[in-house]
Amino acid sequence: MTAVHAIQQMQVPLLALVLLGACAAKMSRVLRARSVLVVLDATSLFPPRLRRPATLAVCFTELCLGAGILVTSGRSFHGQADGVRLATALFFLIAMCAMVELREFRPDLGCGCFGELSGKPPGLRSLLRAGLLAAAALASVHGGELTLPPAGPAAALDLGILVAEFLLVAVLSPELGEALARLGYAEPCELRVAPPQRALASLRRSRIWRRHAGLVTDAVPADMWRELCWWYLVYPGRNGTGECDVVFAVEVRPRRPAIRAAVVPRSNWPAGEPSPEGPSAGPREAAAGGLSPAF
């Protein structure tokens, strides 16, 4: 296998991974926000009524081209391979032109190429990357069927070409820095967004809940609040000595949160005279006293 043929062959996995990765990044952002509008970005160049269809068309095109390049690289659909690769080259050329237009008319927007990672305005590196991928697609035309090379120097050559091209694409991708920053950044738990429904669901699935469920007299919490890294839930209850409050603390954590519990006796006040500290003063004082880590 010559070096030229090896270069042609290695463009197939490179292009497929970039296209499918870009589509997956966009769809992940859409699913989290439950709206197509979050990935408009470059399609903001279109009139408002065409922006949503344009965004869907971009995602669908990336999916079809990425899957098409893989499918037509085999023997069964080899006759359509060159057409798909030419269409891929045209797609990246159009993307490069769109980024030039975006820099000219909407310099405040990112290209949205890889979802929320592409939030910064496209620079020279993004343009060079689109041009490189268009050239890679053109180079793969007439590359023939994608086959595994025999073990030895041919396999080492293919692997070396593929790794070198991935490194070049990575160098030309401003999204790489953002991705590395996110991987190394751990959001403080006190700033983490966590809906109360998640704390309720985690509590009901826990052994702590099953252990104290016999004391709880109402399925709905009488009080619920958040302090820094903990959700606190207060349930009315009754134990052997009388009425009480069963206080649960659920850690603000997406998976396997720590859960603690404490039983707080209620103060007996004369009938008709409310507690001067309010009905939930006892449980709140218990939580404020730093009991959450050692319930």
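Two numbers describe the Cα atoms of the range 199-263: Rg and Dmax, which are 11.4, 37 Å.
Shown here: the range 41-175, whose C-alpha atoms stretch 52, 30, 21 Å along the first, second and third principal axes, sorted largest to smallest. When peptides 229-235, 118-124, 144-150 are sorted by average Cβ neighbour count within 10 Å, with the highest value leading, the order is 229-235, 118-124, 144-150.
Taken per residue, the accessible surface of the range 123-234 reaches 59 Å², heavy atoms only and a 1.4 Å probe.
The values are calculated or read from the model by the stated rules, or taken from the named source; none is laboratory data. If you're wondering where the values come from, they're calculated on a predicted model, not measured in any experiment. Note that we place each Cβ from the backbone using ideal geometry, even for glycine, and neighbour counts take in every protein chain shown. Just so you know, the surface numbers come from the protein's heavy atoms only, side chains and all, with ligands and any DNA or RNA stripped out. Shrake-Rupley method; radii C 1.70, N 1.55, O 1.52, S 1.80 Å.
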